[in-house]
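Each value in this text was obtained by applying a stated rule to the coordinates, not by laboratory testing. These numbers come from a predicted model, not from an experiment. Heads up, the Cβs are rebuilt from the backbone with ideal geometry, glycines too, and the neighbour counts pull from every protein chain shown.
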Amino acid sequence: MRKAVIFDFDYTLGDSTNGIAESIWYALERLGFSRPPLEAIKKTIGLSLPEAFFTLTADGSAQKAEQFVKLFHEKGDEVIVESTQLYPYVRDQIAALRASGYKTAIVTTKGHAVIEGIVHKFGQSSQFDAIVGGDGVKKTKPDPEGLLLAVSALGVAKEEALYVGDSLVDAKTAVNAGVPFAAVLTGTTTREDFAPYPRVYTGETIADIFQYILSGE
């Protein structure tokens, strides 16, 4: 029986694209790189920041990646929380999940302070029993550490939880953790992209995911 729902954040519960893009452009320009197009940046959202740097620049320098991360946070701390938006119905449906007895959590590559700032901004701080940010683990997704930390914090068995995400990184994280997975198609990953990965459900929007869960699956 399902007892808990754990969410990725970006392109799952909400959209931080504008703030992330602004922060990436800021960091790359100060390191002497040209601005990548927005569509290229969107495809890196959900990766760790070093992985995003390597992907966007094809530069394998660990030292530059470290500088990129510092510069990203320098700008991101100013703009990401303010510019982030939740998807429609998320607040009402999270409340409905909790009223139905589900525990809820977020596992994201975002820093803990940033994701805490976002949920506070939308009055959702009390609506999540656990939040695991990328800076709270030794290895980020698709390593299962963060997801397993959330499962443990919720006090449920792995098979009693559901991880909801929009990317192949999320799908791989669920597989690595042994946690059932539901895919949502609001990111840059298509239904066909998800085909090789086990899923209990694939929804066009997060509203579809909520309906699936609340209908009793």
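Computed from label points 7 Å out along Cα-Cβ, the spacing between HIS112 and THR205 is 3.4 nm. Rounded to the nearest 20, the size of the Cβ-charge dipole of the chain about its Cα centre is 300 debye, with Lys and Arg at +1 and Asp and Glu at -1. Using C-alpha pairs below 8 Å separated by at least 6 residues, the relative contact order for the range 21-91 is 38 percent.
The Cβ shell under 11 Å around THR44 holds other residues with a net charge of -1, Lys and Arg each +1, Asp and Glu each -1.
Net charge within 13 Å of THR202 by Cβ-Cβ distance, Lys/Arg positive one each and Asp/Glu negative one each, not counting THR202 itself? Here the count lands on -4.
Between beta-carbons, use under 13 Å as the cut-off and find the net charge around LEU86, counting Lys and Arg +1, Asp and Glu -1. Each step should come with its number before you reach the end.
Numbers: positive: ARG91, LYS121; negative: ASP10, ASP15, ASP92.
Summing Lys/Arg as +1 and Asp/Glu as -1 gives -1.
Among DSSP bridges having both ends in the chain, what percentage is antiparallel? Round to the nearest 5.
Values: 2 of 21 bridges.
Here the share of antiparallel DSSP bridges comes out near 10 percent.
Counting 0.36 nm for each residue step from ALA195 to GLN63 and taking away their Cα separation leaves a gain of 43.9 nm.
How much length is gained if the chain between LYS138 and GLU39 is pulled fully straight, taking 0.36 nm per residue apart and subtracting their Cα-Cα distance, in nm to one decimal?
Working: separation 99, 0.36 × 99 = 35.64 nm, distance 2.90 nm.
32.7 nm is the gain from fully extending LYS138 to GLU39.
Only helices enter this figure: runs of n ≥ 4 DSSP H residues, each worth -39500 (n - 2.57), summed and divided by the residues of the chain, yield -14000 deg cm²/dmol at 222 nm to the nearest 500. Taking all Cα pairs closer than 8 Å and separated by 6 or more residues, the relative contact order of the chain comes to 24 percent.
Set the Förster distance to 25 Å, then compute FRET efficiency between GLU29 and HIS120 from the Cβ-Cβ distance, nearest 0.05. Please report the intermediate quantities before stating the final value.
Values: r = 30 Å, r/R0 = 1.21.
Here the calculated transfer efficiency is 0.25.
Tell me, what is the percent relative contact order of the range 43-154, built from C-alpha pairs under 8 Å that lie six or more residues apart?
24 percent
Here the spin labels are modelled as points 7 Å beyond Cα on the Cα-Cβ line, and at VAL175 and ASP92 they lie 3.6 nm apart. Ordering ASP208, ASP170, ASP8, ASP135 by the number of other Cβ atoms within 10 Å of each residue's own Cβ, fewest first, gives ASP135, ASP208, ASP8, ASP170. Straight-line cross-link reach from LYS103 at under 29 Å between alpha-carbon atoms covers these lysines, not counting any fewer than eight positions away in the same chain: LYS3, LYS121, LYS138, LYS139, LYS141, LYS158, LYS172. Over the range 30-117, all Cα pairs binned in 5 Å intervals from 0 give whole-percent P(r) values of 3, 11, 18, 22, 17, 11, 8, 6, 4, 1, 0, listed from short to long. Look at LEU38, LEU56 and count the other Cβ atoms within 10 Å of each Cβ; fewest to most, that gives LEU38, LEU56. Measure nothing but the geometry: give the 0 to 90° angle between the long axis through the Cα atoms of 90-99 and the longest principal axis through the Cα atoms of the chain, rounded to 10°. With both axes taken from Cα atoms, the answer is about 40 degrees. Within the range 107-131, list the residues whose amide N lies under 18 Å from a label point set 7 Å along Cα→Cβ of GLU78. Counting backbone N atoms under 18 Å from the label point, the list is 114. In order along the range 128-141, the phi-based Karplus estimate (6.51 cos²θ - 1.76 cosθ + 1.60, θ = phi - 60°) of 3J(HN,Hα) comes to 10, 7, 7, 9, 10, x, x, 8, x, 10, 7, 10, 7, 3 Hz; Gly and Pro are listed as x.
Angle check, please: helix 145-154 long axis (alpha carbons) against the longest principal axis of the chain (alpha carbons), in degrees 0 to 90, nearest 10. The two axes meet at around 40 degrees.
Computed about the Cα centre, the dipole magnitude for the range 10-69 is approximately 120 debye when only Lys and Arg (+1) and Asp and Glu (-1) carry charge, each at its Cβ. To the nearest ten degrees, helix 168-177 and the longest principal axis of the Cα atoms of the chain are 60 degrees apart.
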